[in-house]
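Here is the structure we will look at.
The values are calculated or read from the model by the stated rules, or taken from the named source; none is laboratory data. Note that the coordinates shown come from a computational prediction; the quantities given were computed from them, not determined experimentally. Here Cβ is always computed from backbone atoms with ideal geometry, including for glycine, and neighbour counts include all displayed protein chains.
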Amino acid sequence: MKREINFQGKKVEGTEVAFETIHEEWSIYRLADGTTLKFKTVVANILRLDGEYNDAGDPVYTINSRNLVTCTEIPEHLRKQK
């Protein structure tokens, strides 16, 4: 499927490329306030930009993704009081 996007100040056509997820992993962060967060980026689609190449001559890809964030540990003093 072809789509047009803005790339470096110009309109560029790109081709959507099918992909297979091989491995997705959560990153885990402990915040200074004691909260522990899990974070993962999930790819929605990948577009190869037609006629666009980096300095090494490799094709340029753009990725549409979403970020998933969940709290796994929250200190009691940060929770909403009932």
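Details
- Residues of the range 6-26 that are surrounded by 10 or more Cβ atoms within 10 Å (Cβ to Cβ) and at pLDDT 95 or above: Val12, Glu13, Gly14, Thr15, Glu16, Val17, Phe19, Trp26.
- Residue check: Ala32 meets all listed conditions (1) part of a loop (DSSP other than H, G, I, E, B); (2) in contact with a strand residue (DSSP E or B) (Cβ under 8 Å, 6 or more places away or on another chain); (3) under 28 Å from Leu78 (Cβ atoms) but one, namely (2).
- Looking across the range 5-29, the residues that are among the charged types (D, E, K, R) and part of a strand (DSSP E or B) come down to Lys10, Lys11, Glu13, Glu16.
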